[in-house]
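Scroll down for the structure; my scribbles are underneath it.
The values are calculated or read from the model by the stated rules, or taken from the named source; none is laboratory data. It should be emphasised that the depicted structure is a prediction, and the values quoted were computed from it without experimental measurement. Backbone-built Cβ (ideal geometry, glycine too); neighbour counts: all protein chains shown.
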């Protein structure tokens, strides 16, 4: 079993991930820049680098922020007969075993268990004397929404199987922590590694865009006196974007506009609802890339996420709070327990309860100027605790100690 020799020797960290992801690349850069770590990332797919079709957006997506700069990485060959990031057998990178065997003994971090390569990597790392860290998103609420048979099977396969091979579980928030405890993972094996976005980038971009807020609104045709409710995400069933439009319709207020940033298969239904209800102040933007998304946060007043329990976190909430937006989230959203402090920076409501959503929005919209300022300040204060720096600090502290296994 790997032990860090001393405090001056970097922690050797080998990360196995499915493909380059815009939210994780900045974390890898910060880890690589920290002298306490020696980091390499093994990617199992090039998905997202060449503008492939995103099945949920329904269009080609190529992120316009750096995904591979600033850290050591390589791509593993994939032996799957049907390569894909959308199926378990879609990532069958047998070369991960050789890569782990050749790596100096250290720490291997694997993202979840959704692909065959994840299982290969965990077993190989354990057999070859590495410490094994698991980072997954699963919230307890989503787990307990499954059938009793499915829950029992998962507790057998994961709780009594795969997770027994893990030295540390890196939980992203309270619901994810509760999931690991539900699966029998001991408290001393849990490390808090909060789900985060590049806070510095979003806060810097917001400071640059906010002075141009009026112009951004004019570009969409939004009146300067209107309060803007913002949704960001794919138009797919689990995110329930129609709930927001139903709430807006029930408010019957001309001083409110709704901007839904994203795209997806529910777009025709959203457009049909707007026509039927004669909602003039609703804007469906289509896909917006990372370099432009902050402009929409800057023109908004409230961020809304209506998702069900399949929303394992909701990093768009982190983005919105970095811009200082009050938030209204369904109680089923994975990050709601962590990021929403009712009455301080926003409100929660029962998922699918449109009247409760409308009432939460009404309460915010009718707040005084002093309350609005307090909501915005609270959002910024809370999100500062969910950062890459926090993850790096907690990893460094835990991985410098003997394994909890």
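Could you check the stretch 148-180 and list, in sequence order, the residues that are closer than 27 Å to residue 385 by Cα and without any contact (Cβ under 8 Å) to a residue 24 or more places away in the chain? Talk me through it step by step, then tell me what you get.
Initial filter on the stretch 148-180 (closer than 27 Å to residue 385 by Cα): 166-180.
The answer is 171, 177, 180.
For the stretch 366-405, give me the residue count where each residue is modelled with pLDDT under 95, crowded, with 17+ Cβ neighbours inside 10 Å and touching a helix residue (DSSP H, G or I) at 6+ places or on another chain (Cβ under 8 Å).
Number of matching residues: 1.
Collect the residues in the stretch 214-236 that are in a helix (DSSP H, G or I) and under 17 Å from residue 256 (Cβ atoms), keeping them in residue-number order.
217, 220
Which residues, counting only those in the stretch 177-207, are out of contact with any helix residue (DSSP H, G or I) (no Cβ under 8 Å at 6 or more places or on another chain) and more than 17 Å from residue 131 (Cα to Cα)?
177, 200, 204, 207
Name the single residue, out of those in the stretch 190-207 being part of a helix (DSSP H, G or I) and in contact (Cβ under 8 Å) with a residue 24 or more places away in the chain, that is nearest to residue 254 (Cα to Cα).
So the residue we want is 206.
If we scan the stretch 14-27, do we find a residue that is more than 26 Å from residue 165 (Cα to Cα) and modelled with pLDDT of 95 or more?
Scanning the stretch 14-27 turns up at least one residue that is more than 26 Å from residue 165 (Cα to Cα) and modelled with pLDDT of 95 or more.
Working carefully through the options 304, 333, 294, find the one that is part of a strand (DSSP E or B) and not assigned by TED's automatic domain parsing to the domain that holds residue 186.
Criteria check complete, one pass: 304.
Suppose we filter the stretch 365-389 for residues that are under 23 Å from residue 207 (Cα atoms) and in a helix (DSSP H, G or I); how many remain? First the steps, then the outcome.
In the first step, residues of the stretch 365-389 are kept if they are under 23 Å from residue 207 (Cα atoms); the result is 369-389.
Filter once more, keeping what is in a helix (DSSP H, G or I): 369-383, 388-389.
Final tally of qualifying residues: 17.
With respect to residue 349, is the statement that it is crowded, with 16+ Cβ neighbours inside 10 Å and free of Cβ contacts under 8 Å to residues at least 40 places away in the same chain true?
Yes: the conditions hold for residue 349.
If we scan the stretch 275-282, do we find a residue that is in the same structural domain as residue 367 (by TED's automatic domain parsing) and within 24 Å of the chain's Cα centre (by Cα)?
no
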